Amino acid sequence: MKNFFTSFLGSLTAIIVSFFILLIVIFSLIPKKEPVVVNSNSILHITLNGPISERAPKNPFENFGAGGMGESGLDEILANIGKAKDDANIKGIFLEVSTLTAGYASVEEIRNALFDFRKSGKFIYAYSELYTTKAYYLASVADKVYLNPQGLIEFKGLSAQVMFFKGLLEKMDVDVQIFRHGKFKSAIEPFLLDKMSDANRLQTLTYVKSLWMHVLEGISTSRGPSVEELNKLADNMSVQRSRDCLKYKLADDTIYKDQLLDMFKEKLKLSKKEKVQLVEMGKYSKVNTRHYIAMPGRIAVIYAAGEIAGGEGGDNRIGSEGLSKTIREARMDSSIKAIVLRVNSPGGSALASDVIWREVMLTKKIKPVIVSMGDVAASGGYYISCAANRIFAQPNTITGSIGVFGILPSFQKTLNNKLGITIDTVNTNKHSALGTLLLPLSEEEGTVIQKGVEDIYSVFISRVASGRNMKTADVDSIGQGRVWAGKDAVKIGLVDELGGIDDAIKYAAKSCGLDKYRIVYLPKQKEPLEELLNRLSGNDESIRESALRNSLGDQYIYYQYLKEMMGMKGIQARMGYEIVIE
């Protein structure tokens, strides 16, 4: 026994000593932050070929010159474009983009920022070997759009795909019991059908057409061909080769990248021996061109991104406790004069959504709350938005989906037929086993759950009616789980105004009478050292999720959808539209 304790204490001491040595090594390796200086005649190089999240996570390895997982933050992109507009050392932007794992509303935000950048008189040149439709829509804002001689612009219209799991569940002998309100509430359809219902197909076609028309109008304005001409190109598959892109004025020239760099030299009047100064986004983010000035008040931008659930939340998940606390602290902070709630969420738990809604309501009584919708602000995402003083959305934001549902699978047959496992139960009361995944529901139990769904739906539409100054019956008529594009949502009163996060911030400032203000972004992100320790300990789920997003691309949402559905509890106010639109 003595030898055991001696060995145990020795091992424990070695582990502790090793841990502290590791910390010392880490701190010694972290280089001191040197001020980033941008040389004159520089070009901001924006490369967008991966996922774009609402906020750029603090990268603990940035000082080692290492990137994250290929993920960009919309906040960082917009801030850098705005900063470059007023930076005398930045003469233009080199936009290099091919595939984008982002929603069309995020693309719209970046596109509008680039439009604003062009007002400075500086140039934007876009280049790619392959533009997807989404990437080309963004690139079309540039002064010049260049394409590799062997490259291509995908121009075929938009397509939306939904994955259905009914056949898989049948093969596994899983019985899925469905409860919903809303003829358009199609979140449950992948588990119930093998194709879209007529109502689902109608709403999907409606908002996808709305997105496509907005894309065509934007390209037409930037490039010249009419919407009708562009539609014909897509219908006839006329764009097959790089020369077709020139013929139909989608691109200005087909060149190699080295030729483009030579063009930059000519543009900047550099000699052949001089090097083009390209400033990467990560480096430019560290450039501080603004000096601190005391402001009379602050505006809080609070991010609400991901599925809505109970608890504290985290990366890509809105926790009702965590977000409510953030809103509450901003409400109690007298230096914060208004709040912009940035919502990018397909919804989730109806209960958690109502908890957040309550905080928005309480805050609205004290200071303005303005909502800025991102790619998706639907179902629970709309629930937490509807009480705001004003709602902004992009024309291609996906919103609405005012409806609720519940799913309760039963694995009794799966265990019995596939594994030979049987279940026997002892209950103290008639319905003690209600909610277990091992037994099917009785008819009486199903009736009770359906009534709960109906009650929650009634509360949902009453919340919307109150927040939007509408009649409950009118909300019901545009609700029923139906999904709307932002442009159409304005027409029916679900959204007040089309615009991005900057528009929402300006409106918030005006609402509280601030001409000058400072912006504080909440909730506070983890410091790089904390991130580093999390990653070293293997506790950081975000790095695993980022790796999956990069590996799966647009298909990542199917994995995320299944993961969220399997983990959900209670009645859901969430959108079932895990759709790839490309």
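The values are calculated or read from the model by the stated rules, or taken from the named source; none is laboratory data. In this text the structure is predicted, and so the values were computed from the model without any measurement. Because the Cβ atoms are built from the backbone with ideal geometry, glycine has one as well, and the counts that use them run over all protein chains shown. With ligands, DNA and RNA removed, areas are computed over all heavy atoms of the protein, side chains included. Shrake-Rupley method; radii C 1.70, N 1.55, O 1.52, S 1.80 Å.
Couple of notes before you dig in:
- Computed log₁₀ I(q)/I(0) - Debye formula, equal Cα scatterers, no solvent, the range 133-185, q 0.17, 0.24, 0.26 Å⁻¹: -0.74, -1.07, -1.13
- With eigenvalues of the C-alpha gyration tensor scaled by 5 and rooted, the range 371-412, Å: 28, 12, 7
- Dipole in debye (nearest 20) - the range 355-478, about Cα centre, beta carbon charges: Lys, Arg +1; Asp, Glu -1: 560 debye
- Cα-only Debye scattering, the range 160-249: base-10 log of I(q)/I(0) at q = 0.15, 0.21, 0.25 Å⁻¹: -0.73, -0.99, -1.22
- Model label zone, K272; criterion: amide N under 17 Å from point 7 Å along Cα-to-beta-carbon; scope the range 243-261: 258-261
- Backbone HN-Hα couplings from phi across the range 274-281 [Karplus 6.51/-1.76/1.60, Hz, Gly and Pro as x]: 6, 9, 6, 7, 9, 9, 6, 4
- Of the solvent-accessible surface of the range 311-417, computed with a 1.4 Å probe and all protein chains present, 49% belongs to carbon and sulfur.
- Net charge dipole, the range 449-521: roughly 160 debye, given to the nearest 20, about the Cα centre with Cβ charges of +1 for Lys and Arg and -1 for Asp and Glu.
- Förster radius 45 Å - calculated FRET efficiency between L193 and Y256, Cβ distance, rounded to 0.05: 0.35
- Charge tally for T414 (other residues, Cβ to Cβ under 13 Å; Lys, Arg +1; Asp, Glu -1): 0.
- Structural size metrics of the range 218-325, computed from C-alpha coordinates, are Rg and Dmax of 24.0, 60 Å.
- The string of couplings for the range 391-407 from the Karplus curve (6.51, -1.76, 1.60, θ = phi - 60°) is 10, 10, 8, 7, x, 9, 5, 9, 9, x, 6, 7, x, 9, 7, x, 10 Hz, one whole number per residue in order, with x for Gly and Pro.
- For K510, the lysines whose Cα comes closer than 26 Å to its Cα, not counting residues fewer than 8 places off in the same chain, are K83, K85, K119, K325, K337, K364, K365, K367, K487, K491, K524.
- Per-residue extension of 0.36 nm, minus the Cα-Cα distance of N416 and E170, leaves a gain of 87.2 nm for this segment.
- Quarter of Cα convex hull surface for the range 466-512, i.e. mean projection, nm²: 4.0 nm²
- The 3J(HN,Hα) values that the Karplus relation (6.51, -1.76, 1.60; θ = phi - 60°) gives for the range 104-120 are, in residue order, 5, 5, 5, 4, 4, 4, 5, 4, 5, 5, 5, 4, 5, 4, 5, 5, 6 Hz. Gly and Pro appear as x.
- Positive minus negative residues near E228 (Lys, Arg vs Asp, Glu; Cβ under 12 Å): -2
- Ligands, DNA and RNA are left out, and with a 1.4 angstrom probe the accessible area of the range 99-181 is 36 Å² per residue.
- Summing Lys and Arg as +1 and Asp and Glu as -1 over all other residues whose Cβ lies under 9 Å from the Cβ of R390 gives a net charge of -2.
- Both numbers refer to the Cα atoms of the range 255-386; Rg and Dmax are 21.9, 65 Å.
- Inter-label distance, nm, simple model (7 Å from Cα along the C-beta direction), K516/M332: 3.1 nm
- Segment K265-L158, length gained on full extension (0.36 nm per residue, minus Cα span): 34.8 nm
- Stokes-Einstein, applied to the Kirkwood radius of the range 68-173 over Cα pairs at a viscosity of 1.306 mPa s and 10 °C, places its translational diffusion at 100 µm² s⁻¹.
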